[in-house]
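*Asks:* Take this structure, written in structure tokens, and hold onto it; I'll ask about it next.
The values are calculated or read from the model by the stated rules, or taken from the named source; none is laboratory data. Quick caveat: nothing in here was measured; it's all calculated off a predicted structure. Because the Cβ atoms are built from the backbone with ideal geometry, glycine has one as well, and the counts that use them run over all protein chains shown.
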Amino acid sequence: MRYQGQEVITGEAEYLWGITPRWTLVFFGGVAKTTSISTFDGAGQTVAAGGLGFRYRLARKLKLQSGLDIARGPEDTSIYITVGSAW
């Protein structure tokens, strides 16, 4: 919610590189552009973030994975522990 505007456009990309049947490296990044909320405010902001991580396949038949991601944005670095997938 830190970066808001009247209109927002975003783009994201992720690349998974399978090292072995159980281990995968993940590279990801994104960029967003906001327009100004007020007519007296500037031209909005453009923000980029990205990172890398790894996945380990816990159960091959269920396609269950867990892993760790490190992401870097404009102000902070974050570490995420993942189990499963949104898809």
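Residues are listed down the side, and each one gets a yes or a no for (1) exposed (fewer than 15 other Cβ atoms within 10 Å of the Cβ); (2) at pLDDT 90 or above; (3) touching an Asp or Glu at 6+ places or on another chain (Cβ under 6 Å); (4) not in a strand (DSSP E or B):
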| residue | (1), (2), (3), (4) |
| --- | --- |
| 6 | yes, no, no, yes |
| 13 | yes, yes, no, no |
| 16 | yes, yes, no, no |
| 20 | yes, yes, no, yes |
| 25 | yes, yes, no, no |
| 30 | no, yes, yes, no |
| 38 | yes, no, no, yes |
| 44 | no, no, no, yes |
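*Asks:* Considering each residue of segment 68-87, count those that are touching a residue at least 12 places away in the same chain (Cβ under 8 Å) and more than 14 Å from the chain's Cα centre (by Cα), and give that number.
*Replies:* Looking only at that region, the number is 2.
*Asks:* Kindly provide the set of residues from segment 46-74 that are hydrophobic (A, V, I, L, M, F, W, C) and assigned to a strand (DSSP E or B), ordered by number.
*Replies:* First pass over segment 46-74, keeping only residues hydrophobic (A, V, I, L, M, F, W, C): 47-49, 52, 54, 58-59, 62, 64, 68, 70-71.
Correct list: 47, 48, 49, 52, 54, 58, 59, 64, 68, 70, 71.
*Asks:* Still on this structure: Output the number of the condition that residue 85 fails; it satisfies all remaining conditions of (1) modelled with pLDDT under 90; (2) in contact with a Gly (Cβ under 9 Å, 6 or more places away or on another chain).
*Replies:* Going through the list (1) modelled with pLDDT under 90; (2) in contact with a Gly (Cβ under 9 Å, 6 or more places away or on another chain), residue 85 breaks only (2).
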